[in-house]
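J.: Supplied in structure tokens, the structure appears directly below.
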Amino acid sequence: MDGILIIRKEKGYTSHDVVAKLRGILHMKKIGHTGTLDPEAEGVLPVALGKATKLVEMLTEKEKTYEAVLHLGIETDTQDMTGTVLDRKDVCVTEEAVRKAIRSFLGDQMQIPPMYSALKVGGKKLYELARAGMEIEREARPVHFSAIDILEIDLPLVRFSVTCSKGTYIRTLCHDIGKALGCGGCMENLVRTRSGRFSIEESFTLAQVQEAADEGTVPEIVVSIEEILSEYPRVQCTPEGDRLLYNGNSLHEGLVPCISPKGQVRMCTSEGQFVGIYRWNSGGKKYAPVKMFL
């Protein structure tokens, strides 16, 4: 079972909890998730199985889409409703002011990570320092918001959808919107609706995976490695190139007929067996291995 399971993480589980439970359900150790979700958040969590764990870094880089509820007028130490309330203010802003403030976050932004996060500073996770009553200076990091759509405004609550780059904290976005409006704000609810190409409509709960395991149908809900990489053109080598492929070596242009694709490709043997991702090296006139999945 090498591929991706699209899990719908439920509230109360950490991303590591999901991986631990899947190891028990599937009786396999080589499992990794592709992007942390807070315990109180829910939604799409692609989980890599077996050889697909080599894809974790590639999938983590993808854009993600969330549906969030912003609660204006409340600031907490965690930037969501699970934390200690630091300040409360009356919400006297107009809906148009809310729309304008939210639209101002579109595009490239600099975001300061929250203290209650798993980022490490000096070998210590920030949330460990926060729980010890410490707050340290954090460097702002570049993030990108490619889309922010307001779905509903019922002040002090604002429900919106946001598509953003990796490493973005939606809790912090809610905090920053509240700060821009002058009344403060924090996140009340969060659902990840899409992670890269994977949507919540095609996800499975842990209970559903357990049911599939009991019925012996888990392979039917696992997305294969080659399907995940279908964005890359598929090429086959000549029979003379098979031995080189199996040893993870590069292939010169004479061993790959129809070498029109010049970027990254899905490289296959002469009989069509998928081997890995290769990249064209124009200087050496050859395809060189990027990731092997044999």
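J.: If you count, for each residue, the other Cβ atoms within 10 Å and average over each peptide, how do 137-146, 8-17 line up from highest to lowest?
T.: Ranked from most to least packed, the peptides come out as 8-17, 137-146.
J.: Report the normalised scattering of the stretch 157-233 as log10 I(q)/I(0) at q = 0.11, 0.15, 0.17 Å⁻¹, calculated by the Debye formula with identical scatterers on the alpha carbons.
T.: -0.50, -0.75, -0.85
J.: For the chain, what does the accessible surface come to per residue with a 1.4 Å probe? Please give it in Å².
T.: Value returned for the chain: 50 Å² of accessible area per residue.
J.: Assuming 0.36 nm per residue, please report the length gained on full extension of the stretch Ile136 to Glu240 beyond their Cα-Cα distance.
T.: This chain segment gains 31.5 nm when fully extended.
J.: Still on this structure: Going by alpha carbons, how many degrees (0 to 90, nearest 10) lie between the helix axis of 206-215 and the longest principal axis of the chain?
T.: The two axes meet at around 30 degrees.
J.: Something else about it: Peptides 28-37, 280-289: what's the order by average Cβ count within 10 Å, highest mean first?
T.: 28-37, 280-289
J.: Let me test this: with uniform point scatterers at the alpha carbons of the stretch 189-294, what is the Debye-based log₁₀ I(q)/I(0) at q = 0.15, 0.20 1/Å?
T.: Listed by q, the Debye log ratios stand at -0.71, -0.94.
J.: Right, next: Subtract the Cα-Cα distance of Lys124 and Lys21 from 0.36 nm times their separation in residues, and report this length gain in nm to one decimal.
T.: Working it through step by step, the gained length comes to 34.5 nm.
J.: May I ask you to derive the FRET efficiency for Ser161 and Asn247 from their Cβ-Cβ distance with R0 = 51 Å, giving the value to the nearest 0.05?
T.: With a Förster radius of 51 Å, E is 0.60.
J.: Can you tell me the Rg and the Dmax, both Å, for the Cα atoms in the stretch 55-212?
T.: My reading of the Cα-based Rg and Dmax gives 16.6, 51 Å.
J.: Shifting gears a bit: Spin-label point model (7 Å from Cα, Cβ direction): what's the Ser270 to Asp214 distance in nm?
T.: Between Ser270 and Asp214, the label points sit 5.0 nm apart.
J.: Report the rotationally averaged projected area of the stretch 122-201 based on its alpha-carbon convex hull, in square nanometres.
T.: Its average projected convex-hull area is 7.5 nm².
J.: How big is the Kirkwood radius of the chain, worked out from every pair of different alpha carbons and given in Å to one decimal?
T.: 21.5
J.: Sorted by packing (mean other beta-carbon atoms within 10 Å per residue), highest first, where do 215-228, 56-69, 178-191 land?
T.: Descending mean neighbour count gives 178-191, 56-69, 215-228.
J.: For Asp108 and Ile150, calculate 0.36 nm times their separation in residues minus their Cα-Cα distance, and state this gained length in nm to one decimal.
T.: 13.2 nm
J.: Write down Rg/Rh for the stretch 1-127, rounded to two decimals, with Rg from the C-alpha atoms and Rh from the Kirkwood relation over Cα pairs.
T.: Reported Rg/Rh (Cα atoms, Kirkwood Rh): 1.04.
The values are calculated or read from the model by the stated rules, or taken from the named source; none is laboratory data. Note that the coordinates shown come from a computational prediction; the quantities given were computed from them, not determined experimentally. All Cβ positions, glycine included, derive from the backbone under ideal geometry; neighbour counts span all protein chains shown. Surface areas here come from the heavy atoms of the whole protein model, side chains and all, with no ligands, DNA or RNA. Shrake-Rupley method; radii C 1.70, N 1.55, O 1.52, S 1.80 Å.
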